[in-house]
1. Would you please give the FRET efficiency between Arg34 and Arg112, computed as 1/(1 + (r/R0)^6) with r the Cβ-Cβ distance and R0 = 45 Å, to the nearest 0.05?
2. When a footprinting reagent is the concern and you count Cβ atoms within 10 Å, what order do Val209, Val116 take, fewest first?
3. Please arrange Met274, Met233 by how many other C-beta atoms lie within 10 Å of their C-beta, fewest to most.
4. By a straight-distance test (C-alpha under 19 Å), which aspartates and glutamates pair with Lys61 as possible cross-link partners, with residues fewer than eight away in the same chain excluded?
5. Among Ser253, Gly333, Asn281, whose Cα projects farthest towards the positive end of the dipole of region 215-333, with charges put on the beta-carbon of Lys, Arg (+1) and Asp, Glu (-1)?
6. What lysines could a cross-link reach from Lys39, if we take a straight Cα to Cα line under 18 Å and drop same-chain neighbours fewer than 8 places away?
7. Between helix 190-203 and the chain, what is the angle of the helix's C-alpha long axis to the longest principal axis, kept within 0 to 90° and rounded to the nearest 10?
8. Between Ile3 and Gln256, 0.36 nm times their residue separation minus their Cα-Cα distance comes to what?
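Values quoted throughout were computed directly from the atomic coordinates according to the rules given, and no laboratory measurement underlies them. Since this is a predicted model, take the numbers as computed values, not measurements. All Cβ positions, even for glycine, are placed from backbone atoms using ideal geometry, and neighbour counts span all protein chains on display.
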Amino acid sequence: MSITLKDVAELAGVSRSAVSRTFTEGASVSEKTRRKVEKAATALGYHPNALASSLTTGRTKLIGLVADNFHNPFFLEVFDLFTRGLQDRGLRPLLVNLSEETDPENSVRLLRQYSVDGVIVASSTLSPEFARAFRDARVPVVHSFGRFASSPHVHVVGIDNVECGRMAARTLIERGYERIAFLGGPETATSTQDRIAGFMEVARAHPHVTVSHSFASAYSFDAGRVEMTKLLMTDPAEAYFCGDDVVAIGALSAIQSAGLSVPEDIGLIGLNDMEMARWENIDLTTIRQPAPQIILSSIDLVATMLEDPGRYPEARLFPCEVIERGTLRPLPG
C-alpha cells in the first residue's frame, strides 16, 4: 500500500495540514514541526504527490513545451536541453507536437486542458501568432528561436537570422565563390525569410557575384536531398547556404549520389551546428546557433514570469559564429 499524508502525520504526531504545509513551497511551518515531518516521511519512504499539491497551491508547475518539427534531429538536442533545464528548476515539461497545426487557438485549448503554468514555443517555423495566442489567453509565454522584433509582443529568445544570412554570404564570397545560392527551408517560415534577406543583401552588393535561391519543403534531410537533386539537373551554383544543417546534410547526400564531391565540385554551409554536423563522414562547415544559451535564457524568462506575469516583453539575441570544417574550399592565401 502507498504511504499517505495521514500516515506521516500520525508518525510525526502532527496534523495533516502541518504535513501539507511542510511540503508546500512558501507555506508557513515551524522548524521543529518541519524536522519531525521530514524525519517521519524519510522513515516511511513518503514522497508528496505533485498533482495533489497543485490542488492546494493552484500551481501545476507544468510548462508546455510546444514544437512542430519532430523530423529535425537538431530539435532532439533542443528537447534534451529544455527538459533537463526545466526539471533542474523544479518545473515539469509537457511536450506538445504541433506539426501541421495551423490554428493557434487549438494549441491554446490543448494546453489549457492540462492547466499549464506557462508555455515555451520552441520553433523557428511556427508563426508569431501562436505565441501571441497564449499571451492573449493570459498564459505566460516565451517564444524560443522566434523572430526578432525591436518591440516584441511576447518574450522572444533567439538569433538574428538576417545577420546569419549576411555571415553566410560573406563566408562564401571570401572563399572566391562567384556563383552562390540560398537553399532555404520552408518559404513561409520566418527564419527562412530572414536568412534569405540577409544573404541576398550581401550577395547583391558584389556585382561580380551571381546569386540564386530555392526552397526545401521542410527543415529535413529528405527535403534537402530532394531539392538539391532538382538543382543538380540544371546548372548548379558553386556553393550553397542551406537553411539549416539537416537540409545541408540532405543536399550533401544528393551531391555525393550524383558522383560529385564536396567541396571540390560544390561547397556547402549550414546553420545550427547540430551534433551530427561534427561527424567525420559529414564534417559540415556551419554557422553555430548557441542553443544552450538560448534555452537557459528561455527557461529563466518563463520562470520569472510565473512570479511576475506582467513583465514587459523583451527580445534576447545571442551571437552566432562560423564553424570551419570541410565542406567549403579554404580561404585564399
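1. Values: r = 35 Å, r/R0 = 0.78.
After rounding to 0.05, the efficiency reads 0.80.
2. On the way: Val209 16, Val116 25.
Neighbour counts put them in this order, fewest first: Val209, Val116.
3. Met233, Met274
4. Within the straight-line cut-off, Lys61 pairs with Glu25, Asp80, Asp88, Asp117, Asp300, Glu307, Asp308.
5. Ser253
6. Output for Lys39: Lys6.
7. 30 degrees
8. That pair, Ile3 and Gln256, stretches by 84.9 nm at full extension.
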